[in-house]
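First up is the structure itself, then whatever we jot down about it.
The values are calculated or read from the model by the stated rules, or taken from the named source; none is laboratory data. The structure presented is a predicted model; accordingly, all values stated were derived computationally and were not measured. Positions of Cβ are backbone-derived with ideal geometry, glycine not excepted, and every protein chain shown enters the neighbour counts.
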Amino acid sequence: MPWPVYLALKQLFPTGRVSFFTLISVLGVGLGVALMLVSSSVMGGFGHQIRQMIIDTQGEVQIRGRGPFAPDAAIEKAIASVPAVAAAAPYAQGVVMLEFERRPAFPTIQGFDLDRMRKVIPLERYLKAGSLDDVDDDSVILSSILANSIGARIGDKISVYSPLMLERFKRNEVLLPREVRVAGIFEIGHQQLDSSTVICSLRLMQDLYGLDHLVHGYNVRLKPGADPDAAAAALNAVLPPVAGALTWFEANADFQAVVAFERNMIFFLLTFIVIVAAFSITSSLLVTVVRKTREIGLLGAMGGRAAQVAACFCAQGLFIGTAGTAVGLALGATLLHYRDNIVGLVAGATMGRDVFVKFYQFSHLPAYTETKDVVVIIVFSIVASTLAGLIPAWRAARLKPVEALRSE
Amino acid sequence: MQPPEAKSGSDSLGVERSAFGVGRSGSVLRAAGLRKTYPSGDRTLEVLRGVDLSVAAGETVSVRGESGSGKSTLLNVLAGLDRPDAGELTWAGEAAHRLSLSELTERRGRFLGMVFQSYYLIPELNAVANVLMAARLVGAAGAAERARAANLLKQVGLAERAHHLPAHLSGGERQRVAVARALMNKPAVILADEPTGNLDERTGDEVINLLLQVCADERTALVLVTHNPAHARKCGRQLLLKNGVIGQP
């Protein structure tokens, strides 16, 4: 083992113990790494959860019309001609007002061809009560928070007012809401969708909006392993001009950009923790250089070259960075493993779990760790710690042995 | 004391003897006309004013002088740690004053051993690791070097304390470790700068006797800077540094 490496290890880990300086420095880097890992994993988890939710509720590709369009044979044939497409279901959507026992709500309503929809959107997976088989043209499925907010249960009759009725109201016509039965309640796990979504048959939606037989688009499920970008491009090549295909990412580009921006910003801000830790390593190693000036002089007097003395201090930064990164990864993995317990404790001790869930819009803290992120964290923290040893190393290398040995 | 002749070769433990031989003049260390000045305010302090010194292989030489007479400066210049302003320095026939700093550093590790007043042991290393550090610094720390380090500690009477940290050793024991370290690479010369300065009289005597004994055993030349006349008299040759020049006491 080269002596700079040997001596660096001995100075950091003297026989039988870990020096206090080493302990504090390793913990500093470790905390930074743990926070970076936890934050990137949790943000990745939210992103992953949102991605899965979007695909589950829209399919991987969405065909949108320039306006309402007829789901005629030409479109159906064009969609079916793309090999990557596994299934497609037409939809129409809008906003309605619901009322049940004088409690109003203004949710988004989505109408599907229910038979075809089952092959595209796995709604059964999210049903908490009721059955899709019970849904007809006079019934709806409510999202869970929405159902709770108006107090509706399975079998209750609720009133639905559509914008079309407002048009009639302006013409002084009698305004009669559509009475529909609650056939099911679903919960996706996303607060926004769970608090304001109604699902119904395509026929009911077309009636409410006066669309006749027109639709707003298609949700498309791709075959396993198919590339959404390639599939959307293939669909755009064969679709008539009335409609265009978008991938799930493009269809939610603004939202995805916000999620990515938040994730990158949090990651960026947390890198400063590691940078601060690196500065503390620099500071501590500089103190060590001053404290060990005569030892550094001795090394030079005994044949140690200036570059080797510098390497000894750089190696200390490297070892602290490596040990701190290992500790940080272990700590981060532990925090991620027990994240729901930790969130539960924090929520219980502060605002209460229910309020917490309502306020932060999640009940289970998701986590998804990308290998790329872990590699970036490891490389960044080790490089920052090693660079932290450069200034002390430079100071040590500049010391002339004869002057260092004379120092008091 | 009749100095033994220095040779190249390997000892019984298989460690290569220093490659440095003896110069054509028969000396392993030779200084001629060494001059060294230091700036002192707006004046120049002339510390060495033409020092001539020749040390034969295995010879022991003491250098005495008043405080501030330049004894430590002389040792630093002889060790290549400080550059002379003028004069020649020869290490085993090689003109050391012409070598670059990196060449001096590289050769110093094998040619010279140094013993300081303040021991300068590395506190994180135990006694045997401190001795072995001298070998590590010149890139050799194999099984033979480990055995030699252990044997040197045995020679200086610290076999039982080999795995103790410097903090757990007395001053005399620390200096004995420093002596063993100085001998580790089988140097041609040991330069000792007041090695008993921090020790009581009895312990100081023990260390000097030990230093002279191991230098004789290892056939290593010794330049001993000391204030103590009794210690100086134990060396084969006694010199006095006065007014920047070397003379007889």
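For the reader, a short list of remarks on this structure follows.
- Residues that are in a helix (DSSP H, G or I) and within 8 Å of another protein chain (Cβ to nearest Cβ) within the range B:108-139 comprise B:R108, B:G109, B:R110, B:A129, B:M133, B:A134, B:R136, B:L137, listed in sequence order.
- Residue check, A:A260 in the same structural domain as A:K10 (by TED's automatic domain parsing), within 19 Å of A:A393 (Cα to Cα) and not β-branched (V, I, T): no
- Counting only helices (runs of 4 or more DSSP H) that sit completely within the range A:1-107, those holding 3 or more residues that are away from every other protein chain (no Cβ under 14 Å) correspond to A:20-58, A:73-80.
Here's the yes/no breakdown for (1) farther than 30 Å from B:R136 by Cβ; (2) under 29 Å from the mean Cα position of the chain (by Cα):
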site	(1), (2)
A:R291	no, no
A:V327	no, yes
A:A349	yes, yes
A:D354	yes, yes
A:A388	no, no
A:E403	no, no
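- Residues of the range A:270-316 classified as of a type in the set (G, A, S) and under 24 Å from B:T105 (Cβ atoms), total: 10
- Verdict on B:S67 being of a type in the set (G, A, S) and within 8 Å of chain A (Cβ to nearest Cβ): no
One line per residue, one yes/no per condition, for (1) hydrophobic (A, V, I, L, M, F, W, C); (2) more than 18 Å from A:G244 (Cα to Cα); (3) at pLDDT 90 or above; (4) in the same structural domain as A:P122 (by TED's automatic domain parsing):
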position: A:E60; (1), (2), (3), (4): no, no, no, no
position: A:R64; (1), (2), (3), (4): no, no, yes, no
position: A:D72; (1), (2), (3), (4): no, no, no, no
position: A:V95; (1), (2), (3), (4): yes, yes, yes, yes
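- Selection within the range B:65-80 - part of a loop (DSSP other than H, G, I, E, B) and buried (at least 24 other Cβ atoms within 10 Å of the Cβ): B:G70, B:A79, B:G80
- B:Y38 being more than 16 Å from the chain's Cα centre (by Cα) and either within 14 Å of another protein chain (Cβ to nearest Cβ) or in contact (Cβ under 8 Å) with a residue 12 or more places away in the chain (or both): yes
This table checks each residue for (1) of a type in the set (V, I, T); (2) touching a helix residue (DSSP H, G or I) at 6+ places or on another chain (Cβ under 8 Å); (3) surrounded by fewer than 18 Cβ atoms within 10 Å (Cβ to Cβ); (4) within 14 Å of chain B (Cβ to nearest Cβ).
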{"position": "A:N236", "(1), (2), (3), (4)": "no, no, yes, no"}
{"position": "A:A277", "(1), (2), (3), (4)": "no, yes, no, no"}
{"position": "A:E295", "(1), (2), (3), (4)": "no, no, no, yes"}
{"position": "A:G300", "(1), (2), (3), (4)": "no, yes, no, yes"}
{"position": "A:G303", "(1), (2), (3), (4)": "no, yes, no, yes"}
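- Residues satisfying the stated conditions in the range A:170-184, i.e. surrounded by fewer than 21 Cβ atoms within 10 Å (Cβ to Cβ) and in contact with a helix residue (DSSP H, G or I) (Cβ under 6 Å, 6 or more places away or on another chain): A:L175
- Number of the exception - B:A150 against (1) part of a helix (DSSP H, G or I); (2) out of contact with any Pro (no Cβ under 7 Å at 6 or more places or on another chain); (3) within 14 Å of chain A (Cβ to nearest Cβ); (4) not hydroxyl-bearing (S, T, Y): (3)
- Scanning the range A:119-148 for residues that are part of a loop (DSSP other than H, G, I, E, B) and in contact with a strand residue (DSSP E or B) (Cβ under 8 Å, 6 or more places away or on another chain) yields A:K119, A:V120, A:I121, A:S131, A:V135, A:D136, A:D137, A:D138.
- Qualifying residue in the range A:276-294 (condition: farther than 17 Å from A:S40 by Cβ and not in a helix (DSSP H, G or I)): yes
- All of A:G324, A:G332 fail the test of being closer than 13 Å to A:S25 by Cβ and more than 13 Å from chain B (Cβ to nearest Cβ), apart from A:G324.
- In the range B:166-191, of all residues being more than 10 Å from the chain's Cα centre (by Cα) and part of a loop (DSSP other than H, G, I, E, B), the one that is farthest from B:R146 (Cα to Cα) corresponds to B:S170.
- Residue check, A:G189 under 22 Å from the mean Cα position of the chain (by Cα), in the same structural domain as A:G130 (by TED's automatic domain parsing) and more than 30 Å from B:A129 (Cα to Cα): yes
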